[in-house]
Structure formats: structure tokens, C-alpha cells
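Input: a single structure, listed below in C-alpha cells.
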Amino acid sequence: MLVNTEHLCLKTPEHVEATAVLAYMKRNKAFFEPWMPTWHPHCLTETYWDFQLKKDTELLENKQQLKFWVYERVTDTVVGDVNFSNIVWGAFQSCYVGYKMDAQHNGKGWMTEALQAGIQQIFGNEWQLHRVEANIIPHNKGSIRVAEKVGFELEGRSKDYLKINGQWEDHMRYVMFNKNPRMPR
């Protein structure tokens, strides 16, 4: 699946090369570390990303995850990612979303653009989910701003929610609901 926006192209894993993802992750390792779980020892290798892209493709085929790698359209370079994960069907019809943007493209509005496009897909005809949840560290003001711009609402605070960069961190729980959901699968 390819989704084009004004500045970006969102690509699902089967359209992505491990070398492109590896370059993005290497470029942003220090920038991402304060907001992410401790990195896997091999995450800065092409072999790791080959495996991860195959795994993400399988999760997509099984409708358990919808991950987009965000490319700048002009340069065809990976500049971000948006991941709708832990998709639960049936009466719940819900998932989590996480997102990151390349440090050199932060503040351009591109993550808002990418997240809006991803939300249209996850709430649209093929997926039709009811609810998306974004959990954000309270001092990550940029991610909170993006979530609020797109239309997420604060639902609450989760104590010691995730182990980020080696430390348990509280997270603010933001949610968005589909205004026109269909019956559960």
C-alpha cells in the first residue's frame, strides 16, 4: 500500500528497503533514544531490518498491524514512521499508534500530515477500526502537539506505563474515535 500526501509518501513494509530504514535509524539514534525502549543490540544492522520488515509484512497480511514508513516525496528518503499496532478485532476494534519523525524534519508539520493520512486508512473502508490510542511521555511536548492537532483527546494518565530508555515512565493516554465505524469483523 502506498499513500501520497502533499509532501510525503507512506509505504507499507513490502515497499521498503532495509537499507533506507537503517540509514534513517542511524541518523536519528541519539534523537530517538529518550523516547524509545532500549534498542535491540542488532537494530543498527541491515540484517535486523530485513527481518523486521518481513515480520511487519506478515503482521500486515494478518491484519494485526499497519505500519507505514514515511518518505519525503522529493528525495524518496525515509523521514519517519507511523505504526498502528496491537490491533484487536471483534467487539473492541482498537489499536495503539506510535510515530517518529527525523530530527532534521521536525517542526515542518510532516508528522501531522503523515498521522492524518494513517488515521484515514485505519478508520477507512479496509480497516474500519473504532478507536486508536496514543500513549505519550508527558514531557514529549512535540508528540502531544501532533496528537492534539490531529484530533486526539486526553483520556488519562498511566503510571509507569512503559520502560523507556531503561526507565519506567508515566504516559498520557490520548484517544481518537472513528465517527462512522462498522460492525466488528
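The values are calculated or read from the model by the stated rules, or taken from the named source; none is laboratory data. Source: prediction; values computed, not measured. Glycine also receives a Cβ, built like all others from the backbone with ideal geometry; neighbour counts cover every protein chain displayed. Note: accessible area is taken over every heavy atom of the protein model, side chains too, but ligands, DNA and RNA are not part of it. Shrake-Rupley method; radii C 1.70, N 1.55, O 1.52, S 1.80 Å.
Given the residues Thr47, Thr75, Thr57, which is the only one that is out of contact with any strand residue (DSSP E or B) (no Cβ under 8 Å at 6 or more places or on another chain) and over 23 Å from Ala117 (Cα atoms)?
Testing whether each residue is out of contact with any strand residue (DSSP E or B) (no Cβ under 8 Å at 6 or more places or on another chain) and over 23 Å from Ala117 (Cα atoms) leaves just Thr47.
Yes or no: Lys63 within 27 Å of Gln167 (Cα to Cα), open to solvent by 20 Å² or more (accessible area, probe 1.4 Å) and not polar (S, T, N, Q)?
In short, no.
Take region 172-185 and flag every residue that is at pLDDT below 95 and surrounded by 14 or more Cβ atoms within 10 Å (Cβ to Cβ).
Asn178 - this is the single residue of region 172-185 that is at pLDDT below 95 and surrounded by 14 or more Cβ atoms within 10 Å (Cβ to Cβ).
Restricting to region 52-72, name every residue that is more than 13 Å from the chain's Cα centre (by Cα), farther than 17 Å from Ala23 by Cβ and polar (S, T, N, Q).
Once the filter is applied, which keeps residues that are more than 13 Å from the chain's Cα centre (by Cα), farther than 17 Å from Ala23 by Cβ and polar (S, T, N, Q), region 52-72 yields Thr57, Asn62, Gln64.
Could you list, in sequence order, all residues of region 94-121 that are among the aliphatic types (A, V, I, L, M), without any contact (Cβ under 8 Å) to a residue 60 or more places away in the chain and surrounded by fewer than 22 Cβ atoms within 10 Å (Cβ to Cβ)?
Ile119
Condition first: surrounded by 17 or more Cβ atoms within 10 Å (Cβ to Cβ) and of a type in the set (Lys, Arg). Now tell me which residues in region 132-162 satisfy that.
none
In region 94-141, what count of residues is obtained for those that are in contact with a Phe, Trp or Tyr (Cβ under 7 Å, 6 or more places away or on another chain) and farther than 25 Å from Pro37 by Cβ?
Final tally of qualifying residues: 2.
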